[in-house]
Amino acid sequence: ITPHNINSKIIDLMNVKYVLSLSELDSPKFAKVFQEGQTRVYENKNVLPRAFFVERTIAEDNKNNIIKMMFEQDLSRAAIIGKNNLGRENFAVGNVRITDYSENKIVAETSNAGDGFLILTDAYYPTWRVKINGKENIIYRADHVFRGVYVPAGKNVIVFYNTIF
C-alpha cells in the first residue's frame, strides 16, 4: 500500500503505521524513517489505534454510500453502521486497552463515563462473537469491514472470540 493509491484517511483507519514509496512524500503526516536505494519508508503519524471509541454512529445500509461516506467522514470520530441500527450522537469517548490479542480471541478493558461505541479495526466476520462483562452482546459491521460494539458506561471487560474453533 502506498499513499499514492489509497485515501490517507483509510490508511489511518486500517492501522497502517508504515508506508513504502519510491518517491518523496510531501505531507506532515508522514515522516521518513528509512531509505535504501529508491525505496523510502515513512511512518504515519496519524495512524489510529486498533481499538478506539467514536463520538457518533451514522446509519447507512447501501455499500456504495458507506464507502463514499468513509472518504467524507472523520473516521476517528464517527462510525458508519447499518440503517437497521439508529445513528446516534454524543457517545462518551472512553479509554481502551487491549490486554490479550491472539488469532481467535481479543480481550480489551475499557473505562468510559457514559455509554460508548467501540471500534475494533479487525475484519468483521459472522463467526466472531463478543461478551461484555461476561454477557453476550452484538457485534455491528462498522465502516463496511470492521467490528463495532455498544459499550455501557463504567469499567468493562470486552472479549471478542471466534466460534469456528
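The values are calculated or read from the model by the stated rules, or taken from the named source; none is laboratory data. Fair warning: this is a prediction, and the values are worked out from it, not measured in the lab. Cβ coordinates were reconstructed from backbone atoms using ideal geometry, including for glycine residues, and neighbour counts include every protein chain displayed. Heads up: the accessible areas ignore ligands, DNA and RNA and are worked out on the full protein's heavy atoms, side chains in. Shrake-Rupley method; radii C 1.70, N 1.55, O 1.52, S 1.80 Å.
At a 1.4 Å probe radius, carbon and sulfur cover how many percent of the accessible area of segment 5-55? Display every interim value, and only then the final one.
Working: 1510 of 2890 Å².
In segment 5-55, the share of accessible area belonging to carbon and sulfur is 52 percent.
Once the mean 1/r over all distinct Cα pairs of segment 22-86 is inverted, what Kirkwood radius in angstroms do you read off?
Working: mean 1/r = 0.0692 Å⁻¹.
Radius from the Kirkwood sum: 14.5 Å.
Taking only DSSP H segments of four or more residues, each worth -39500 (n - 2.57), what value at 222 nm results for the chain once the sum is divided by all its residues, to the nearest 500 deg cm²/dmol?
So the helix-based figure for the chain works out to -2500 deg cm²/dmol.
Would you calculate the separation in nanometres between label points at LYS155 and LYS63, each defined as 7 Å from the Cα along the Cα-to-beta-carbon direction?
Label-label distance for LYS155 and LYS63, simple model: 4.3 nm.
Evaluate the charge dipole of the chain about its Cα centre and quote only its size in Debye, nearest 20, assuming +1 on the Cβ of each Lys and Arg and -1 on the Cβ of each Asp and Glu. Could the numbers behind the result be given before it?
Values: 21 positive and 18 negative charges, 56 e Å.
For the chain, the charge dipole is close to 260 debye.
With angles folded into 0 to 90 degrees, how steeply does helix 63-72 sit against the dominant principal axis of the chain? Use alpha carbons for both and round to 10.
60 degrees
Of SER111, SER27, SER76, which has the largest mean-square fluctuation in a 10 Å C-alpha GNM of the chain?
For the chain, modelled as a Gaussian network with Cα springs under 10 Å, the answer is SER27.
If you add up the charges near ALA31, with Lys and Arg at +1 and Asp and Glu at -1, over every other residue whose beta carbon is less than 9 angstrom from its beta carbon, what do you get?
Details: positive: LYS29, LYS32, LYS45; negative: GLU43.
Summing Lys/Arg as +1 and Asp/Glu as -1 gives +2.
Whole-Hz Karplus ³J(HN,Hα) for segment 109-120, in order, using 6.51 cos²θ - 1.76 cosθ + 1.60 and θ = phi - 60°, x for Gly and Pro?
So the J values, rounded to whole Hz, are 10, 10, 8, 8, 5, x, 4, x, 10, 9, 9, 10.
Leaving ligands, DNA and RNA out of it, report the carbon-plus-sulfur percent of the accessible area of segment 80-160 at a 1.4 Å probe.
Values: 2080 of 4200 Å².
Its accessible area is 50 percent carbon and sulfur atoms.
No solvent, one uniform scatterer per C-alpha: report log10 I(q)/I(0) for segment 12-133 via the Debye equation at q = 0.23 1/Å, two decimals.
Values returned for q = 0.23 Å⁻¹ are -1.35.
Write down the accessible area per residue of segment 80-135 in Å², having rolled a 1.4 Å probe over the full set of protein chains. Write down the numbers at each step before the final one.
Working: 3150 Å² over 56 residues.
Heavy-atom accessible area per residue stands at 56 Å².
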